[in-house]
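Since the structure comes first, as structure tokens, the remarks are kept for the end.
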Amino acid sequence: MLDEILQAAIIINILAATIRISTPLLLGAMGELVAEHSGVMNMGLEGMMMFGVFTVWLVTFVGGTTTIGILGAMLVGALLGLLLAFLVIYLKVDQTVAGLSINILAIGFNEFYVRMANASNIPVQIELLPNMNIPLLSGVPIIGEIFFQQRFLTYLAFILVPVIAWFLGRTKFGLSIRSAGENPRAVDTRGISVNRVRLIATVFGGIMAGLGGAFLMSVTSRYLPEMTAGRGWLAIIIVIAGNWKPVRMVIATFLFAFLQALQVTLTTFEIAVPYEVLLVMPYVLALVALALARVRSAQPAKLGVPYSRE
Amino acid sequence: MMLKALRLEIVKVRDVHWGIQVILVILGILAAFFVSGWFIALSGGNPAEAFAAIFRGAFGEPRKVYDTLMRATPLIFTGLATVIAFRAKIWSIGQEGQLYAGAMLAYTLYRIFQPMLDRPLLLLVVVLGGFLGGGLLGLLAGWLKARFNVDIIISTVLLNYIVTTMLLFLLYDHKYWMGAETYYPRTDTITKDAWFPIIFEDARLHMGFLIAVGFAITVYWVLKRTPYGYDLRAMGSNPVATMFKGIDVNKLIMVTMFISGGLAGMAGSGEVFGVHHNVNMAVSAGYGYTGIIVAMVSELNPLVVILVSIFFGAIINGSVVMATQTGIHTSIIFVIQAFVLLAILISRALMSYRIRRVPHAG
């Protein structure tokens, strides 16, 4: 009897963790989706997330609150999106190279700040983002514990999925973004600047990435190296594996998040599977998912191609 | 918008004189140092003092010069690994993982063959093991691309995580690689008969440096003079045409990824058997990523890679002296490296454009 209660508690714990861990993946992936629909592949997503992580830490370090840190991370994400847009849209630098540079830039800063954090004698305590229980719903047994006792950013991430799907499919500007990635000339003939549309979409992707990174830092009190641990890359993979379709992307997100939730939850128990095996599973799954994701029917036709009039 | 009003426009420039290129690269590096200096000042240090200390620490006396060359060695390898892949527009960023894979296979072979082989043969096995370990990991990414069309950039990142996690697994258990004499995640010290020979008395510079320089010259020659190098460059400049010319693109990708991975793996065996003399989680101080910067600053030229590696090796080596003399943390070098890359990228991109008057305006 007691055993069963314990088991149920563990399962609920894992599922609630799945929802929580989905947050940064989903934020990053939805931002990436918008950028890619406009024709810009943001390969610097991982790096932008790293920037989000240490922006929150840095803001706390100089005496700010977590909320200011999160806003700061969004701002930094926007600036990085602007940098990426400047490089790939106006200077027409290869998108992979530009994204790569942002990642390396981030790795550099991240290394510096992590070591600075370790070297400083005053430990920085980051004020954790509080749980926001949804009235009524959070009281429902099991379902409430899994879905409705999460943080604000988690709700935001999930609400943004239908909102972005609607925005891309049903609004005028959303259609301009998608045309910029499918048939930029058509956008141009309508008198809309392709480059400006792409710029806005890329900056939006940057903001979402910054937010995703900020979430990671605002649910853990200590700044550790490798906090992003490839989540930015997983977000890119989620877009591909989800074939650029929001609903499928959510399913892919759950899959990755579930594996990570297993790792987080199960390592506190004595189990036969080594910790590292649990740790590595999402990456292996990602490789397999990519190998199997041969349907890329919804990939924007002009993804990665800079636009010029001649 | 503004330019149009002034009757100016931006045009693409086809050929840039190499002298201008060199000047722009140097200006880019100077700009990067300027920004880094500002960053040091922001974190409460004195930039001039810091850079002077880095220079003294890197070149102050002969032994420090040898140490600088020692730090340059893994960068030459990972830089070359990047050059050969990027020349074909294969965007591999798996150098870090391949470095560890090379270190791991070399160490495995060392454990098997150490009791039965003499020093020269053992060294040969270890060096080849490094190449093979990195090469096979590179080949895996190449195969995934050829067989399943998995983007190299993503697969190599994932493989980096997978390999380093595997090493973590081996190093944290006494059953596997964790040393008997240690509680840290590292192996026992490697027996001296497998250490890379030292080039100069009393310095740590090992034979890996000479191998690295040899490889740089070889890669230069291969790219320039062999049919393989020709195909590789052709694929880099026009992948579609390459396909029509009857070149087996898939095979080319796999071979290139094998060689690229092998070069990165050499850095791994060099660090384990030449510098650390054990395997641990810090065998690479981000050499895989720095190698990418090295290659891009070198404009993907294998011979220039040697010089740029020495430049970055000097910063890494000099940062130790800087840390003890000024109290600024050594990890500032990562920030400097990142700024150098960004500055080079922007100056390169700007180089290919020029502002001129609109020919027939109105």
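Those residues that are buried (at least 20 other Cβ atoms within 10 Å of the Cβ), touching a residue at least 24 places away in the same chain (Cβ under 8 Å) and hydrophobic (A, V, I, L, M, F, W, C), I need them from region A:278-288; list them, please.
Of everything in region A:278-288, just one residue is buried (at least 20 other Cβ atoms within 10 Å of the Cβ), touching a residue at least 24 places away in the same chain (Cβ under 8 Å) and hydrophobic (A, V, I, L, M, F, W, C), namely A:ALA286.
Which of the residues spanning region B:157-179 are within 10 Å of chain A (Cβ to nearest Cβ) and either of a type in the set (Gly, Ala, Ser) or under 22 Å from A:ARG296 (Cα atoms) (or both)?
B:VAL157, B:LEU158
Sort through B:ILE54, B:ILE76, B:ILE112 and tell me the only one that's under 19 Å from B:GLY291 (Cβ atoms) and among the β-branched types (Val, Ile, Thr).
B:ILE76
Could you check region A:63-96 and list, in sequence order, the residues that are within 11 Å of chain B (Cβ to nearest Cβ) and surrounded by fewer than 20 Cβ atoms within 10 Å (Cβ to Cβ)?
A:PHE86, A:TYR90, A:LEU91, A:LYS92, A:ASP94
Please specify each residue of region B:69-87 satisfying the condition of being of a type in the set (Val, Ile, Thr) and in contact with a Phe, Trp or Tyr (Cβ under 7 Å, 6 or more places away or on another chain).
Scanning region B:69-87 gives B:THR73, B:THR78.
Taking the stated definitions as given, is A:GLY210 more than 14 Å from chain B (Cβ to nearest Cβ), over 14 Å from the mean Cα position of the chain (by Cα) and either outside any helix (DSSP H, G or I) or not hydroxyl-bearing (Ser, Thr, Tyr) (or both)?
No; evaluated as a whole, the condition is false for this residue.
So for region B:218-239 (the condition being of a type in the set (Phe, Trp, Tyr), under 30 Å from B:ARG111 (Cα atoms), over 17 Å from the mean Cα position of the chain (by Cα) and in a helix (DSSP H, G or I)), does at least one residue qualify?
Scanning region B:218-239, I find no residue that is of a type in the set (Phe, Trp, Tyr), under 30 Å from B:ARG111 (Cα atoms), over 17 Å from the mean Cα position of the chain (by Cα) and in a helix (DSSP H, G or I), so the answer is no.
Where residues in region A:289-309 are aliphatic (A, V, I, L, M) and within 15 Å of B:LYS145 (Cβ to Cβ), which of them is surrounded by the most Cβ atoms within 10 Å (Cβ to Cβ)?
If we take residues in region A:289-309 being aliphatic (A, V, I, L, M) and within 15 Å of B:LYS145 (Cβ to Cβ), then A:LEU290 is surrounded by the most Cβ atoms within 10 Å (Cβ to Cβ).
Any idea which of A:PHE147, A:PHE54 is aromatic (Phe, Trp, Tyr), within 14 Å of chain B (Cβ to nearest Cβ) and touching a residue at least 24 places away in the same chain (Cβ under 8 Å)?
It is A:PHE54.
Do you know which residues across region A:264-293 are under 23 Å from the mean Cα position of the chain (by Cα) and either of a type in the set (Gly, Ala, Ser) or under 30 Å from A:ASN183 (Cβ atoms) (or both)?
A:ALA286, A:ALA289, A:LEU290, A:ALA291, A:LEU292, A:ALA293
On the given criteria, is A:GLU226 within 14 Å of chain B (Cβ to nearest Cβ), over 30 Å from A:ARG178 (Cβ atoms), among the charged types (D, E, K, R) and touching a helix residue (DSSP H, G or I) at 6+ places or on another chain (Cβ under 6 Å)?
So A:GLU226 does not fit the description; no.
This table checks each residue for (1) without any contact (Cβ under 8 Å) to a residue 24 or more places away in the chain; (2) surrounded by 22 or more Cβ atoms within 10 Å (Cβ to Cβ); (3) assigned to a helix (DSSP H, G or I); (4) touching an Asp or Glu at 6+ places or on another chain (Cβ under 9 Å).
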| residue | (1), (2), (3), (4) |
| --- | --- |
| A:GLY174 | yes, no, yes, no |
| A:ALA201 | no, yes, yes, yes |
| A:GLY206 | no, yes, yes, no |
| A:ALA229 | yes, no, no, no |
| A:GLY232 | no, yes, yes, yes |
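What helices (runs of 4 or more DSSP H), lying completely within region B:14-126, carry at least 1 residues that are in contact (Cβ under 8 Å) with a residue 60 or more places away in the chain and closer than 21 Å to B:ILE328 by Cα?
B:18-42, B:47-59, B:62-87
Among (1) charged (D, E, K, R); (2) in contact with a Phe, Trp or Tyr (Cβ under 9 Å, 6 or more places away or on another chain); (3) away from every other protein chain (no Cβ under 14 Å), there is one condition A:GLU111 misses while meeting the rest; what is its number?
(3)
What are the residues in region A:186-195 that are outside any loop (DSSP other than H, G, I, E, B) and without any contact (Cβ under 8 Å) to a residue 12 or more places away in the chain, if any?
A:ALA186, A:VAL187, A:THR189, listed by residue number.
In region B:125-147, is there at least one residue being at pLDDT below 95, under 22 Å from B:THR290 (Cβ atoms) and within 10 Å of chain A (Cβ to nearest Cβ)?
Within region B:125-147 (the criterion being at pLDDT below 95, under 22 Å from B:THR290 (Cβ atoms) and within 10 Å of chain A (Cβ to nearest Cβ)), the answer is no, since none of the residues qualifies.
Out of the residues in region B:158-175 meeting the condition of being free of Cβ contacts under 8 Å to residues at least 12 places away in the same chain and not in a helix (DSSP H, G or I), tell me which one is surrounded by the most Cβ atoms within 10 Å (Cβ to Cβ).
Within region B:158-175, the match that is surrounded by the most Cβ atoms within 10 Å (Cβ to Cβ) is B:ASP173.
Could you please tell me which pairs satisfy a Cβ distance under 6 Å, a separation of 6+ or placement on different chains, a first residue in region B:231-247 that is under 17 Å from B:ALA146 (Cα atoms), and a second residue that is surrounded by 18 or more Cβ atoms within 10 Å (Cβ to Cβ) and of a type in the set (D, E, K, R)?
B:LEU232/B:ARG87; B:GLY236/B:ARG87; B:ILE247/B:ASP231
Scan region A:97-108 for residues that are within 7 Å of chain B (Cβ to nearest Cβ) and closer than 9 Å to B:TYR289 by Cβ and jot them down.
A:ILE104, A:ILE107, A:GLY108
For region B:301-341, which positions are over 26 Å from B:ALA282 (Cβ atoms) and either surrounded by fewer than 24 Cβ atoms within 10 Å (Cβ to Cβ) or modelled with pLDDT under 85 (or both)?
Correct list: B:ASN301, B:LEU303, B:VAL304, B:LEU307.
Report the residue count in region B:140-157 for those that are among the polar types (S, T, N, Q) and surrounded by fewer than 22 Cβ atoms within 10 Å (Cβ to Cβ).
So the answer is 1.
Mind listing whichever residues of region A:267-288 are acidic (Asp, Glu) and more than 17 Å from A:ILE14 (Cα to Cα)?
A:GLU276 - this is the single residue of region A:267-288 that is acidic (Asp, Glu) and more than 17 Å from A:ILE14 (Cα to Cα).
Over 27 Å from the mean Cα position of the chain (by Cα), of a type in the set (S, T, N, Q), assigned to a loop (DSSP other than H, G, I, E, B) and away from every other protein chain (no Cβ under 14 Å): is that true of B:THR182 in this structure?
Yes.
Taking region A:40-58 as the search range and keeping residues that are closer than 18 Å to A:ALA117 by Cβ and at pLDDT 90 or above, which one is surrounded by the most Cβ atoms within 10 Å (Cβ to Cβ)?
Selected residue: A:GLY52.
The values are calculated or read from the model by the stated rules, or taken from the named source; none is laboratory data. Keep in mind it's a predicted model, so treat the numbers as computed, not measured. Cβ: placed from backbone, ideal geometry, glycine included. Neighbour counts: every protein chain shown.
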